[in-house]
Amino acid sequence: MTVEKFLVNPEPLRSLYGHVPDLIDIRIRSINLNWRGPTVTLRVDLPSYPEMAPQEWTDAGLDTVQCQFQFLAVDGISLTDWRPPVVGSVETVSWGTERRMRVTARGSGLSLDFACSESVRVGHVSAFKIKESGSDDGVHRFMSKIDARRHSSLPGTEDRTFYER
């Protein structure tokens, strides 16, 4: 099942794609586990570049869209394989009777399962030019005006305001 059904703020992705892309054959860049909430945040490269990308992105020769998906009220986490870089898929399915869902992320080098609330947030949407090595370092153009003002590239993992909110 698509994550779109569970997004509380799908507008950033809908404005680019007209819909929320399925999370199939995506590059999963990072997994952030935070005891507050508790939350799991996945930073991913979406499977295709949008036809409705901002002209600024097109003019800059950017070719990949990246964002974070934050899953709230997480429990029952099982991370049994994590060997990045990972190309895989994230599946979500309603589970139980209390507005909960199961999330499964699988790929070569990834096995992640957990339960969470049916409220998923998308954030930190950006575009960049992927390097031949698959790296995402370098210039990122962020959709959010706040992110664009604060960052011209991905911040270090110690930046808690970027990776935990």
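Remarks
- Test: residue in segment 82-101 that is in contact with a Phe, Trp or Tyr (Cβ under 9 Å, 6 or more places away or on another chain) and exposed (fewer than 14 other Cβ atoms within 10 Å of the Cβ): yes
- Any pair with Cβ under 6 angstrom, 6 or more apart, that starts in segment 76-92 at a residue that is touching a residue at least 24 places away in the same chain (Cβ under 8 Å) and over 23 Å from residue 5 (Cβ atoms) and ends at one that is buried (at least 18 other Cβ atoms within 10 Å of the Cβ) and among the β-branched types (Val, Ile, Thr): 86/28
- Scoring residue 109 on the criteria (1) at negative phi; (2) at pLDDT 95 or above; (3) of a type in the set (Gly, Ala, Ser) leaves a single failure, condition (1).
- Selected residue (criterion: nearest to residue 66 (Cα to Cα)) from residues of segment 1-15 that are in a helix (DSSP H, G or I) and over 15 Å from the mean Cα position of the chain (by Cα): 15
- Residue in segment 52-75 that is surrounded by the most Cβ atoms within 10 Å (Cβ to Cβ), counting only those that are charged (D, E, K, R), in contact (Cβ under 8 Å) with a residue 24 or more places away in the chain and within 21 Å of residue 142 (Cα to Cα): 63
- In segment 20-56, residue nearest to residue 133 (Cα to Cα) [restricted to those that are of a type in the set (A, V, I, L, M) and part of a loop (DSSP other than H, G, I, E, B)]: 46
- Qualifying positions in segment 142-165 - among the aliphatic types (A, V, I, L, M) and out of contact with any His (no Cβ under 8 Å at 6 or more places or on another chain): 143, 146, 148
- Wholly within segment 84-165, strands (runs of 3 or more DSSP E) carrying at least 1 residues that are within 25 Å of residue 74 (Cα to Cα) and not small (Gly, Ala, Ser): 86-95, 100-107, 110-117, 120-128
- Residue check for residue 78: part of a strand (DSSP E or B), exposed (fewer than 15 other Cβ atoms within 10 Å of the Cβ) and modelled with pLDDT under 95: no
The values are calculated or read from the model by the stated rules, or taken from the named source; none is laboratory data. Since the structure is predicted, the reported quantities are computational estimates derived from the model, not experimental observations. Every residue, glycine among them, receives a Cβ derived from its backbone with ideal geometry; neighbour counts consider all protein chains shown.
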